[in-house]
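In what follows, a structure is listed as structure tokens, so that the remarks can point back to it.
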Amino acid sequence: MRAVPQAALSLLPSILLLDAPEIMKFVFQMTPEEKKAERERQTALFDAAVTLASRERAGLLVLDEMCSAVSTGMVSLERVTEFLDHLPAGLEVVLTGRDPAPELERRADYITEMRKCKHPYDRGVAPRLGVEW
């Protein structure tokens with residue numbers, strides 16, 4: 001079952017959502033084997049998203065939590081910057097997530113920073129469906 005925002009977005013004919021697991025550990029909680037599998041999954045998901053955006057001549061591609069994926073080593077910075085340096089004509093890209101690499105910041109047209117003051121994560125609460133996920 002998808003969280004409410006994803007379920008609502010999936011009903012719009014012009015929106016295509018790629019599947020991601022509903023529950024996922026934080027990277028620092030993963031074993032080396034889990035990190036390897038997650039790196040492969042996230043890299044494949046990134047590749048699928050950019051291929052689809054190009055093939056479908058999308059106007060907007062939102063790569064949610066991509067900055068975090070790069071900063072945690074789940075998707076290579078080089079792969080993302082190569083894509084950003086050779087965007088298909090007319091494609092706008094939104095990258096979200098914490099700790100954007102300077103290379104991503106240099107390529108950005110806009111940067112908005114949200115700062116956590118307090119979060120259930122601080123008490124060890126895992127991401128919750130419909131809230132963080």
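For Arg55 and Leu77 in the same chain, what is the full-extension length gain: residue separation times 0.36 nm, less their Cα-Cα distance, in nm?
5.7 nm
Compute the relative contact order of the chain as a whole-number percentage, counting only Cα pairs closer than 8 Å that sit 6 or more residues apart in sequence.
Relative CO of the chain lands at 28 percent.
Restricting to DSSP loop positions (anything but H, G, I, E, B) with no more than 14 other Cβ atoms inside 10 Å of their own Cβ, which GluC sites (Glu not before Pro) remain in the stretch 27-129?
Of the GluC sites (Glu not before Pro), the ones in loops of the stretch 27-129 whose Cβ has at most 14 other Cβ atoms within 10 Å are Glu56, Glu113.
For the chain, what is the mean residue ellipticity at 222 nm derived from helices alone (per DSSP H run of n ≥ 4: -39500 (n - 2.57); sum divided by total residues; nearest 500 deg cm²/dmol)?
Calculated at 222 nm, the ellipticity per residue is -11500 deg cm²/dmol.
Kindly report the accessible area of the stretch 1-96 per residue (heavy atoms of protein chains, probe 1.4 Å, no ligands, DNA or RNA), in Å².
It amounts to 66 Å² per residue over the stretch 1-96.
Whole-Hz ³J(HN,Hα) for each residue in the stretch 104-116, computed from phi via Karplus 6.51 cos²θ - 1.76 cosθ + 1.60 with θ = phi - 60°, x for glycine and proline: what do you get?
6, 4, 5, 8, 7, 8, 10, 9, 10, 10, 10, 10, 6
Using the alpha-carbon atoms, what tilt in degrees (0 to 90, nearest 10) does helix 32-55 show relative to the longest principal axis of the chain?
The answer is roughly 30 degrees.
Quick one, can you get me the convex hull of the C-alpha atoms of the chain expressed as volume per residue in Å³?
Dividing the Cα hull volume of the chain by its residues yields 125 Å³.
The values are calculated or read from the model by the stated rules, or taken from the named source; none is laboratory data. Quick caveat, the model's predicted, so the values are computed rather than measured. So basically every Cβ, Gly included, is an ideal-geometry build from the backbone, and we count neighbours across all protein chains shown. Accessible surface areas use protein heavy atoms only, side chains included; no ligands, DNA or RNA. Shrake-Rupley method; radii C 1.70, N 1.55, O 1.52, S 1.80 Å.
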